[in-house]
Amino acid sequence: MKRFTEFKTNTVKKVNEQEVTNEPSEVKQEVVKSEVSIFFSKLFEVRQISHIFHLQVNGQMGSGWEHDALNEFYTSILEFTDEIIEVYQGQYGIVEGYEIIDPSVKNDKTSLEYLKENVEYIKKERKAISSEDTHIHNLIDEVIALFYKTIYKLTYTK
């Protein structure tokens, strides 16, 4: 099973196919939705994995801060993800082709490492959403802020 970070889209090939088939809008929409579904799938993965981290806080003295910070994160990111996808689908139609979540992506990582890694992914791969869709990018900015707020709590509020 592939991890989200191993997925690569072949935009150039589809663009070349577009020129051959003379169906530019249909092929372009397929490419965008593929990139978008992978991006949205990553948001779902982060929510699920952060919930697992939350449930696996081992109860050592003082670990309640991590449990609470992750609780706030996974409940908030689900609300943001839902809002982002609903706004996107209101504009472009239903997104299909979500990827299966692989819980092994958290192996050998702390919750802090996992969040730091994935905020970088979100910042980089947000390009799946057209830069003209600033209303959606504003919502993604809120997700990024949530990541950094949680990273702060996990780093400095022990």
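Quick note: the coordinates plus some simple rules give every number you see, no bench work behind them. Treat the numbers as computed from the prediction; the structure is a model and nothing was measured. With ideal geometry, Cβ positions are generated from the backbone for all residues, glycine too; neighbour counts draw on all protein chains shown.
Pairs only if they're at least six apart or on different chains, beta carbon under 9 angstrom, first in segment 80-105 and over 12 Å from residue 44 (Cα atoms), second among the small types (Gly, Ala, Ser) and surrounded by 13 or more Cβ atoms within 10 Å (Cβ to Cβ); list them, first residue then second.
Taking only residues 6 or more apart or on different chains, the pairs are 95/37; 96/37; 97/34; 97/37; 97/41.
Take residue 119 and tell me if it is aliphatic (A, V, I, L, M) and in contact with a Phe, Trp or Tyr (Cβ under 6 Å, 6 or more places away or on another chain).
yes
Where the second residue is aromatic (Phe, Trp, Tyr) and the first is within 18 Å of residue 45 (Cα to Cα) and lies in segment 121-138, which pairs have Cβ atoms under 6 Å and are six or more apart or on separate chains?
If the second residue must be aromatic (Phe, Trp, Tyr), the pairs left are 125/39; 128/39.
I'm trying to understand the selection: among the residues of segment 85-133, which are over 28 Å from residue 156 (Cβ atoms), among the β-branched types (Val, Ile, Thr) and surrounded by 11 or more Cβ atoms within 10 Å (Cβ to Cβ)?
85, 87, 95, 101, 129
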